[in-house]
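Chemist: Mind having a look at this structure? Questions to follow.
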Amino acid sequence: MKKYARAITAFWLLTVAASFTWGMHTHSNQTRDHAIEIGRAFFKIITITRDWNASHGGVFVPTTPTSQPNPYLPPELKTLLCANNKQLTMINPAIMIANLSEISLRTEGISFKLIANKPINPDNKANQWESSALNQFDISSISEITKFTANNDGTTTLNYIAPLHVQGKCLKCHGAKSYTIGDIIGGISITTPLNEVGIGNAFIISHIFAAFLGTIALLFYGNRLQKNQELLMQAKTKAKEANQAKSNFLATMSHELRTPLSGIIGMAGLIQQRHLSTELKQPLADIESSAEALLTIINDILDFSRLEVNKLTLKKEPFQLTELCGKCIRLIAPFAADKKLELRQTIDQNLPQWIAGDSLRVRQVLLNLLQNSVKFTQVGSIHLKVELQSETAQDVHIKFSIIDTGIGLSAEEQATLFQPYQQASRATAHSLGGTGLGLFICKQLTQLMNGTIKIESTKQLGSTFFFTATFDKTTPPPPAKKKPLITPATHTKSVLLAEESTINRKVLNKILSDYGYHCTCVSNGRAALNLATANRYDIILLNSRMPKMNGPATCIEIRKTLYGATTPILALTADITEQEHGLCLGAGMDDVIVKPVDPVALILTIDKLMSKAESRPGNHSQGIRKP
């Protein structure tokens, strides 16, 4: 910012200097023009005086020391004795102009004289420049010639010359030279000093004043600008810190809330595997359903936070739209059936079978809108309609419509529907629940998919939510390997599990034990590091956040041990943010599993990591081994 202020100040000084230079240049031109105008004025006065003298055939004046008889006049005109014995002499135009020049030089500093190439009086002989000018007058129609001469004393003078033409009254004296009327008889040369018309002090002082005041003002402005910039940077830093604190809080909240939820859902899943009476199955299902509903709310809050700071990015992977829509309908079908609602879908046959995009986010928007329709529809039907709007050689633009016969919305309710924390009414919030974040998140997600979301609704007649999205065209991916059937097994594979939550340790230990793994459990990273240093395990599961030493730090230290360099390490985290996952992978972990843990996904991931480790040369672990 200081460089910017200095640059502005330098620009201002250059501007003032340029203005001063231009002013001096302009003043110089004006001074020269003024001097030329003076020459023209003197030439006019001289010619008028000359014409007056010539029209009278000369004038007689008393003989004085300054008015001596003209030696070039006839004797009868040189002197004339009056009756009072006063001696007179004739003053012709040439003598009169010479006398006037002497007076002008003394009073105005301006001199002039009659010149000719062949004068009667040798004193009026034209010099080289004047002679050249007179010759130019003879051969061209120019009426004046000027020349500016720089003198040794630093002054500049204007030499101005204009021609004199022969008039009838001139022939009285010059008729003997065969002149005719209109001929150039000579000229008048006028010398004017330019320094007599000087530049004003006000001009110089004003520019100095402008340069000084402008510099002070710009430096003051630059200083204020610097302070404002510093305040802005401080505000940005505080905002960044606030956003970081918010992200940290949300990450912590995600971990602290999802960890006990993971225990609740995990325990409920384990209990459901037992033979329970009908009286116990329903309450257990209610517990699991409530926990999953709470998990959905937590996920919505986290999505909202990431959307606020533009940290949510979409993946681009091939998927089948028809299959995706079918899964969404099947997930919603039980809830629609409970209310005896007709649920159907229509898929445009012109849609490509495979497209590339973020299928999880498309599923999220569809499920949110379908769940809302089920929630707000008591009688009638819900219809999912998918249409091809437009396509190019590279992509397709698809329109999704969810049409229901629910309670509908007024225009006022529709106006705030896609704003965060807004619902149609307080009564709706109290009776049907919800955070008011779902539709806002849907709007943001559709915008990320280069689409829009809108509603058309009439109170008590139902609503149509529709959104558009753009997807890339793609070819079907290679056939996926068929997932192996996960069944309990008996083997000697060893697992080291570090999990701070007692309940989650029990759940994970039970899952691993049911599938035949020998599991050693600890509650913190330090204990895990001590065991990993002393023993070889087939795989290590580390919770990302633990007391004494967190998961990434524990992984870094384990990688330095004898067996830890090649042992697969799997991160367990309740934090779904990309930063947390990147931290785990960057510390050297092989993969990340998000809580609540899906047992099948966990076992598949463990098997995949161990198979990859066993395929490495010289790495054949079999259970726990003491060093």
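The values are calculated or read from the model by the stated rules, or taken from the named source; none is laboratory data. Bear in mind the structure is a predicted one, so any value in this text is a computation, not a measurement. Backbone-built Cβ (ideal geometry, glycine too); neighbour counts: all protein chains shown. Ligands, DNA and RNA are excluded from the accessible area calculation, which covers all protein heavy atoms including side chains. Shrake-Rupley method; radii C 1.70, N 1.55, O 1.52, S 1.80 Å.
Chemist: Once every DSSP H run of n ≥ 4 in the chain is given -39500 (n - 2.57) and the sum is divided by its residues, what mean residue ellipticity at 222 nm do you get, rounded to the nearest 500 deg cm²/dmol?
Modeler: That comes out to -16500 deg cm²/dmol.
Chemist: Compute the label zone of W52 within segment 90-106: residues whose backbone N is under 19 Å from the point 7 Å along Cα-to-Cβ.
Modeler: What the label zone holds, given the 19 Å backbone N cut-off, is 90-105.
Chemist: Taking the Cα atoms only, what angle lies between the long axis of helix 278-308 and the longest principal axis of the chain, rounded to 10 degrees?
Modeler: On a 0 to 90 degree scale, this one is about 10.
Chemist: Provide the FRET efficiency to the nearest 0.05 for the N248-A217 pair, computing r from the beta carbons and using R0 = 45 Å. Could the numbers behind the result be given before it?
Modeler: Numbers: r = 45 Å, r/R0 = 1.01.
Approximately 0.50, to the nearest 0.05.
Chemist: Could you give the length gained on full extension between L270 and D348, defined as 0.36 nm per residue of separation minus the Cα-Cα distance, in nm?
Modeler: 23.9 nm
Chemist: To the nearest 20 debye, what charge dipole does the chain have about its Cα centre, counting +1 at the Cβ of each Lys and Arg and -1 at the Cβ of each Asp and Glu?
Modeler: Roughly 1220 debye, rounded to the nearest 20.
Chemist: Would you mind checking which residues have amide H under 5 Å from L314's amide H? H placed 1.01 Å from N; only 5 or more apart, or other chain.
Modeler: For L314, whose amide H was placed from the backbone, there are no distant partners under 5 Å.
Chemist: Another question, if that's okay. Using the structure shown, list the pairs from K506/K548; K339/K595; K44/K113; K315/K443; K473/K595 with a Cα-Cα distance above 23 Å, or answer none.
Modeler: Flagged as over cut-off: K339/K595; K473/K595.
Chemist: Rounded to the nearest percent, how much of the accessible area of segment 1-158 (1.4 Å probe, protein heavy atoms only) is carbon and sulfur? Mind showing how you got there, number by number?
Modeler: On the way: 5930 of 9980 Å².
Answer for segment 1-158 is 59 percent, counting heavy atoms of protein chains only.
Chemist: At a Förster radius of 22 Å, what calculated FRET efficiency corresponds to the Cβ-Cβ distance of T21 and D153, to the nearest 0.05?
Modeler: Numbers: r = 24 Å, r/R0 = 1.11.
The computed FRET efficiency comes out at 0.35.
Chemist: Can you tell me the orientation of helix 525-534 relative to the chain, as the angle in degrees between its alpha-carbon axis and the longest Cα principal axis, to the nearest 10?
Modeler: Computed tilt is about 70 degrees.
Chemist: Along the Cα→Cβ direction, 7 angstrom out, place labels at T566 and A285. What is the inter-label distance in nm?
Modeler: Distance between the two pseudo-spin positions: 5.0 nm.
Chemist: Hey, if we sort T252, T31 by accessible area with the 1.4 Å probe, largest down, what's the order?
Modeler: Greatest to least solvent exposure: T252, T31.
Chemist: Here's a follow-up. Per residue of segment 406-418, what does 6.51 cos²θ - 1.76 cosθ + 1.60 with θ = phi - 60° give for ³J(HN,Hα)? Whole Hz please, x for Gly and Pro, Karplus curve as stated.
Modeler: Those phi angles translate into x, 6, x, 9, 7, 4, 5, 5, 5, 5, 10, 5, 9 Hz.
Chemist: Filter the trypsin sites (Lys or Arg not before Pro) in segment 78-162 down to the DSSP loop ones having no more than 13 other Cβ atoms within 10 Å, then list what survives.
Modeler: On the way: sites: K78, K86, R106, K113, K125, K147; in loops: K86.
Passing sites in segment 78-162 are K86.
Chemist: Roughly how many whole Å is it from the C-alpha centroid of segment 108-164 to that of segment 501-575?
Modeler: After rounding, the separation between the Cα centres reads 110 Å.
Chemist: A further question on this structure: Using the basic label-point model (7 angstrom from Cα toward the beta carbon), what is the R330 to Q460 distance in nanometres?
Modeler: 4.0 nm
Chemist: Looking only at the chain, where both bridge partners belong to it, what percent of the DSSP beta bridges are antiparallel (to the nearest 5)?
Modeler: Of all bridge pairs located within the chain, approximately 70 percent are antiparallel.
Chemist: Between P163, I511, L294, whose Cα lies farthest towards the positive end of the dipole of the chain when Lys and Arg beta carbons carry +1 and Asp and Glu beta carbons carry -1, centred on the Cα centre?
Modeler: Value: I511.
Chemist: Here's something else I'd like to know. What shape does segment 527-604 take by its C-alpha gyration tensor, where a ≥ b ≥ c are the square roots of the eigenvalues and a/c under 1.5 counts as rounded, a/b above b/c as prolate, and the rest as oblate?
Modeler: Prolate.
Chemist: Could you pull out every residue, at least 5 positions away or on a different chain, whose amide H is within less than 5 Å of the one on T63? Hs are placed 1.01 Å off N in the peptide plane, and Pro or chain starts have none.
Modeler: Hits under the 5 Å cutoff: Q87, L88, T89.
Chemist: Evaluate the distance, in nm, between pseudo-label points positioned 7 Å from the Cα of Q579 and of K473 along their respective Cα→Cβ axes.
Modeler: Here the modelled spin labels are 4.1 nm apart.
Chemist: Give the aspartates and glutamates reachable from K147 as a straight Cα distance under 19 Å; neighbours fewer than 8 places away on the same chain don't count.
Modeler: Within reach: D33, E37, E130, D138, E196.
Chemist: Match the structure shown to one of the listed values (i) 25.2, 79; (ii) 53.2, 168; (iii) 24.1, 74 of Rg and Dmax of the Cα atoms in Å, computed from it, and give that label.
Modeler: Only one option fits the structure, namely (ii).
Chemist: Can you give the accessible area of T405, probe radius 1.4 Å, in Å² rounded to 10?
Modeler: Result for T405: roughly 60 Å² accessible.
Chemist: Between T296 and R224, what FRET efficiency follows from the Cβ-Cβ distance if R0 is 41 Å, with the result rounded to 0.05?
Modeler: The calculated FRET efficiency here is 0.20.
Chemist: Enter the accessible area per residue of the chain (Å², integer; probe 1.4 Å; all protein chains in place).
Modeler: For the chain, the per-residue accessible area is 56 Å².
Chemist: Explain nothing, just compute: Karplus ³J(HN,Hα) = 6.51 cos²θ - 1.76 cosθ + 1.60, θ = phi - 60°, for every residue of segment 16-25 in order, whole Hz, x for Gly and Pro.
Modeler: Taking θ as phi minus 60°, the curve returns 4, 4, 5, 5, 5, 4, 5, x, 5, 5 Hz for segment 16-25.
Chemist: Another question, if that's okay. Amide H neighbours of V522 under 5 Å, counting only residues 5+ apart in sequence or on other chains, H built in-plane at 1.01 Å?
Modeler: Correct list: L497, A498, E499.
Chemist: Additional query: Can you bin segment 254-393 into rounded, prolate or oblate? Criterion: square roots of the alpha carbon gyration tensor eigenvalues sorted a ≥ b ≥ c, rounded for a/c under 1.5, prolate for a/b above b/c, oblate for the rest.
Modeler: The shape class here is oblate.
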